[in-house]
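The structure under discussion appears below in the form of structure tokens.
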Amino acid sequence: MGQIMKFHRHPWFFNWDIMPDYSANNYDDMTDGDREVARLLRDIGYKVNMSYGKSRSGATDFMAWWALRYKYHYWADMPDKWDYNIIINQLKNDKTPVYVSGYIPKDNWFYKVFPNDGHAFIIDGVQEMTRIYQYECMGEIKTSKVKNELIHYNFGWGDEEKEEKKIYNIWFSNYFIEQINTEYIKDVITGKDFPNYQYYKRCIYNIHPK
């Protein structure tokens with residue numbers, strides 16, 4: 001939610017100009033920009049009635065939508081089911097990020113889903129990847145091209161080492177995203193595995209300032 005607000009640089013009462021895109025500073029080394037990010041996230045937490053624990057925090061999609069609409073003066077559709085075509089259309093035509101939430105199974109046998117296995121993240125990009133394959137057919141070397149549409153997930157996580165900061169900004173093929181009963185999906189660029197938040201996926205579409 002904070003990432004989307006930073007993208008739109010709205011509302012006016014936060015100092016968006018000094019906020020860094022990424023920071024690995026400790027508390028004692030925080031810059032004014034770091035403190036402004038902290039102020040933004042604290043304010044969001046208060047307005048969405050965030051529940052805080054030792055290792056995680058959480059709020060409902062409805063409260064995120066409500067805060068965007070009635071506290072931060074955004075237009076936004078109410079949380080709705082995952083629709084790949086709507087997401088692609090928004091990314092290509094509106095060029096604005098999409099808020100997404102989902103859950104992973106806690107028990108692989110029953111594939112039960114519990115609230116503490118969820119995560120909210122954003123999808124903020126789309127690109128077409130072309131793979132070129134060469135093969136031999138009846139003594140001739142032939143070439144084929146396979147085009148694949150990728151969407152960019154930003155999970156909002158980070159590491160202490162700045163050079164590792166991009167590890168959680170990843171490109172997924174819709175083929176892998178739509179797979180069910182898989183704990184992980186693979187970044188098609190790096191080959192790394194990431195949690196597959198495939199259950200009860202909800203999106204907030206068309207978020208933009210009033």
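Worth a mention:
- Matching residues in the stretch 50-87 - criterion: being among the polar types (S, T, N, Q) and outside any strand (DSSP E or B): Ser55, Thr60, Asn85
- Scan of the stretch 24-49 for residues that are outside any helix (DSSP H, G or I) and either in contact (Cβ under 8 Å) with a residue 40 or more places away in the chain or surrounded by 17 or more Cβ atoms within 10 Å (Cβ to Cβ) (or both), ordered by number: Ala24, Val48
- Among the candidates Tyr70, Tyr84, the residue that is surrounded by fewer than 17 Cβ atoms within 10 Å (Cβ to Cβ) and at pLDDT 95 or above is uniquely Tyr70.
- Considered as a group, the residues in the stretch 87-108 that are farther than 13 Å from Ile4 by Cβ and of a type in the set (Val, Ile, Thr) include one that is surrounded by the fewest Cβ atoms within 10 Å (Cβ to Cβ), and that residue is Ile88.
- Residue count for the stretch 37-95 under the criterion of being under 18 Å from the mean Cα position of the chain (by Cα) and among the charged types (D, E, K, R): the result is 9.
- Index of the failed condition, Met19 passing every other in (1) closer than 29 Å to Tyr200 by Cα; (2) out of contact with any Ser or Thr (no Cβ under 9 Å at 6 or more places or on another chain); (3) of a type outside the set (Gly, Ala, Ser): (1)
- Filter result (over 29 Å from the mean Cα position of the chain (by Cα) and either outside any strand (DSSP E or B) or of a type in the set (Val, Ile, Thr) (or both)) within the stretch 140-159: Ile141, Thr143
- Being in contact with a Lys or Arg (Cβ under 8 Å, 6 or more places away or on another chain), exposed (fewer than 13 other Cβ atoms within 10 Å of the Cβ) and either modelled with pLDDT under 80 or part of a strand (DSSP E or B) (or both) is a description that does not apply to Ile167.
- As a summary of the residue check, Tyr27 satisfies the conditions (1) of a type in the set (Phe, Trp, Tyr); (2) under 17 Å from the mean Cα position of the chain (by Cα); (3) modelled with pLDDT under 95 except for the one numbered (2).
The values are calculated or read from the model by the stated rules, or taken from the named source; none is laboratory data. Small disclaimer: the values here were computed from a predicted structure and weren't measured. Virtual Cβ from ideal backbone geometry, glycine too; neighbours counted across all protein chains shown.
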